1. For segment 43-123, build the convex hull from the C-alpha positions and give me its volume per residue in Å³.
2. Take ASP200, ASP126, ASP243 and sort them by solvent-accessible surface of the protein heavy atoms, 1.4 Å probe, largest at the top.
3. For segment 189-200, in order, what is each residue's ³J(HN,Hα) by Karplus, 6.51 cos²θ - 1.76 cosθ + 1.60 with θ = phi - 60°, in whole Hz (x at glycine and Pro)?
4. For segment 56-111, what does the relative contact order come out to in percent, with C-alpha contacts under 8 Å and a separation of six or more?
5. Would you tally the net charge around VAL110, using a Cβ to Cβ cut-off of less than 13 Å, leaving VAL110 out, and scoring K and R as +1, D and E as -1?
6. Against the globular-protein guess of 2.2 N^0.38 Å, express the Cα radius of gyration of segment 110-240 as a ratio, rounded to two decimals.
7. When a/c reaches 1.5 or more, the comparison of a/b and b/c decides; with that in mind, is the chain rounded, prolate or oblate per its Cα gyration tensor?
8. Normalised by the residues of the chain, what does the relative contact order come to in percent, with Cα pairs under 8 Å and at least six apart?
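The values are calculated or read from the model by the stated rules, or taken from the named source; none is laboratory data. Predicted, not measured: the structure shown is a model, and the values here were computed from it. Counting neighbours? That spans all protein chains shown, and the Cβs are built from the backbone with ideal geometry, glycine included. Ligands, DNA and RNA are stripped out before the accessible areas are found, and what is left, the full protein with its side chains, is counted by its heavy atoms. Shrake-Rupley method; radii C 1.70, N 1.55, O 1.52, S 1.80 Å.
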Amino acid sequence: MTDASPPARTAVVIPAAGRGVRLGPGAPKALRALNGTPILIHAVRAMAASRAVSLVVVVAPPDGAGEVKHLLDAHALPERTDYLVVPGGETRQESVRLGLQALPENITAVLVHDAARPLVPVDTVDAVVEAVRDGAVAVVPAVPLADTVKQVAPRAHGEPEPVLATPDRAALRAVQTPQGFARATLARAHAEITANVTDDASMVEQLGEPVVVVPGHEEAFKVTRPLDLVLAEAVLARRRANDGF
Ligand code: C5P
């Protein structure tokens, strides 16, 4: 008997509608330049580098969709990759939901990738796609923690914060993106879960569905603070040097 199920068609939703205030004043974070190219373009190229990805949906700042469309038109992407731009919302969750609504029907697997992670290697993208294709409904790339983590009772204005617990570091992971999902599961999570969350996988957890972790990569870090821009430039310089050999 032959396998009659159609091949998975994979799209990526890239929420890029945040202001990026922690990076300091200036343009929205996704539009800041890294080695002369906007962070968002690096992120789109990182996703399009995977042969599995056939569509990239960029969720732009509500007042910046035209500008983002122009940017994408002006930067080369692989021929096999389509892209479209939709305006985002007030929160990351809303932005992702608006991106999901724009997906064509034949898409069966969805990655969600922060524009703020411009340097994720293609092997990490492929590992997430493969785990979804192998049947996982939700997949997150993650790395072990370097720091010990304390749970505290938060206090404002730099006041000393009482420590409540120290979770076992060996059982903790810092999660990255792209996170990968069976489309139907992610759509249900966004329809049913309204609690404010910082990643998509935790919405799937709240549905009671299984989420698995695959190895992430140190270069998939999120550009959040000014020092992250310095690190990102250094990673790009190292890649250029390595490409020269
Ligand atoms: O603020 P944070 O770094 O957690 O944002 C993660 C991603 O979500 C960023 O790529 C940001 O552009 C995006 N975002 C969004 N819409 C919002 C807020 C954040 O698309 N309203």
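1. Working: hull volume 7.8 nm³, N = 81.
Looking at segment 43-123, the number lands at 96 Å³ per residue.
2. Numbers: ASP200 0, ASP126 60, ASP243 125 Å².
Result, largest first: ASP243, ASP126, ASP200.
3. 3J(HN,Hα) across segment 189-200, in whole Hz: 4, 6, 7, 9, 9, 10, 4, 6, 10, 9, 9, 6.
4. Numbers: 56 pairs, mean separation 23.4, N = 56.
Value for segment 56-111: 42 percent.
5. Values: positive: ARG9, ARG97, ARG133, ARG183, ARG188; negative: GLU105, ASP200.
In short, +3.
6. Details: Rg = 16.7 Å, N = 131, 2.2 N^0.38 = 14.0 Å.
Relative to the rule-of-thumb radius for its length, segment 110-240 sits at 1.19.
7. Details: a/c = 1.38, a/b = 1.12, b/c = 1.24.
The shape class here is rounded.
8. Numbers: 458 pairs, mean separation 55.5, N = 245.
About 23 percent, as a whole number.
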